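Colleague: Following this message is one structure expressed as structure tokens.
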Amino acid sequence: MLYLTEPDRLGDLLEDQPAYRATQLREWLYEHPVLSTQAMTNLPESLRNLLAEDLWPFTVDVAQSADAGETVKWLLRCHDGAPIETVLMGYRSRTTICISSQVGCAMGCTFCATGQFGFDRHLDAGEITAQVAYANAVMSEYPLPHSPPRVSNVVFMGMGEPLANYGNTIESIRRMIEEMGISARGITVSTVGFVPGMRRLIEEPWPVNLAVSLHSTIPSERSKLVPINDRYPIDEVVEAAGEYYLRKGRRVSLEWTLIAGENDSDEEAIGLARIARQIHAHVNVISVNPTPLSNDEPPDRDAIRRFVGTLRREGANVTIRDTRGKEIDAACGQLRMRSEPHRDGSLRP
């Protein structure tokens with residue numbers, strides 16, 4: 001598979017070809033991705049045909065769109081049958097992709113559809129990077145209506161805990177920055193508080209953004225929602241997030257999935273604001289997306305306004321995150337849960 005091969009080793013796949021063919025192929029894979037090798041017009045037809053079946057490390061089982069075409073979600077099927085999900089979101093000034101780093105997730109967050117599947121395996125760096133390349137390839141032929149025609153922002157907020165798949169996550173980030181030209185400041189790594197990975201990320205050369213999913217400030221309650229809290233308690237998570245801010249100079253985002261009757265109290269809002277002030281973080285609040293295997297429900301509008309109002313009165317900078325693609329199961333894991341994939345082997349937008 002082309003994307004599963006390290007960029008510097010592409011020449012190994014082209015033993016009978018001139019050396020410059022590897023450079024040309026590298027440009028097609030990362031700088032100007034295309035849906036089919038037949039679009040790689042400066043490669044000889046015989047080589048295009050030879051590489052055709054090895055271009056993508058997945059096929060597309062299901063593609064859905066919403067928000068007048070500005071949100072697209074794919075259920076992808078890796079070649080071992082493993083399902084992953086990717087969401088493309090277009091805005092006037094940027095195009096963001098939410099990518100998966102694992103098949104399933106071992107973190108077990110109770111409200112998350114992905115966590116309800118459990119963990120299958122890590123994604124290879126090429127499988128992670130190829131999600132971005134595929135989105136760029138699709139947009140080269142089918143642009144989003146009102147958005148830049150190339151991915152500018154990448155968020156590791158799809159299936160999996162990226163810092164638990166550290167080596168592949170970092171290699172994929174390297175490829176995005178060095179091969180695809182995406183700014184490090186446009187990449188966000190999200191974690192539920194995998195502290196060893198957070199501390200390793202501090203030592204990396206790139207100023208990527210860090211988003212930490214808290215969901216509760218009360219240790220006993222957080223352990224119910226985010227079981228890894230028993231292994232890496234919230235105080236250690238906050239300390240590592242504060243160190244990231246001090247060392248990298250990048251403001252950390254605190255992610256908060258708001259669940260009615262669980263973490264929407266004034267006590268939680270006051271505790272969250274205190275942490276945000278302590279580490280100079282920004283708070284992102286989003287209402288939970290209900291899943292078939294959970295009874296969690298989003299709060300009503302008044303409860304959301306009250307929670308956000310308390311945060312602001314307590315001195316926190318807060319944003320209510322846009323809930324894109326509700327009608328297409330756009331929360332991670334939901335499309336896999338609801339879909340009956342047809343597996344026709346096709347790659348289509």
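The values are calculated or read from the model by the stated rules, or taken from the named source; none is laboratory data. Just so you know, these numbers come straight off a predicted model, no measurement behind them. Using ideal geometry, Cβ is built from the backbone for each residue, glycine included, and neighbour counts are taken over all protein chains shown. The accessibility values were calculated without ligands, DNA or RNA, using every heavy atom of the protein model including side chains. Shrake-Rupley method; radii C 1.70, N 1.55, O 1.52, S 1.80 Å.
Colleague: Quick one: accessible surface of Trp28, probe radius 1.4 Å, all protein chains present, in square angstrom to the nearest 10.
Modeller: Surface accessible to solvent at Trp28 totals approximately 50 Å².
Colleague: Go through Phe111, Phe117 and list them by solvent-accessible area, largest first, probe radius 1.4 Å.
Modeller: Phe117, Phe111
Colleague: Could you provide, to the nearest whole Å², the per residue accessible area of the chain with probe 1.4 Å?
Modeller: Dividing the accessible area of the chain by its residue count gives 42 Å².
Colleague: Ignoring ligands, DNA and RNA, how do Lys248, Lys73 rank by accessible area with a 1.4 Å probe, largest first?
Modeller: Lys248, Lys73
Colleague: Expressed as a whole number of Å, what is the distance separating the alpha-carbon centroids of segment 195-233 and segment 244-266?
Modeller: 10 Å
Colleague: For the chain, what is the percent of antiparallel DSSP beta bridges, rounded to the nearest 5?
Modeller: Antiparallel: roughly 50 percent of the beta bridges in the chain.
Colleague: Which residues make up the longest stretch of the chain clear of GluC sites (Glu not before Pro) that lie in a DSSP loop with no more than 15 other Cβ atoms within 10 Å, not counting the sites?
Modeller: Formally, the longest exposed-site-free interval is 16-202.
Colleague: With an 8 Å cut-off on Cα pairs and a minimum separation of 6 or more residues, tell me the relative contact order of segment 220-315 in percent.
Modeller: Relative contact order comes out at 30 percent.
Colleague: May I pose another question? For segment 37-106, give the percent of accessible area contributed by carbon and sulfur heavy atoms, probe 1.4 Å, rounded to a whole number.
Modeller: 49 percent
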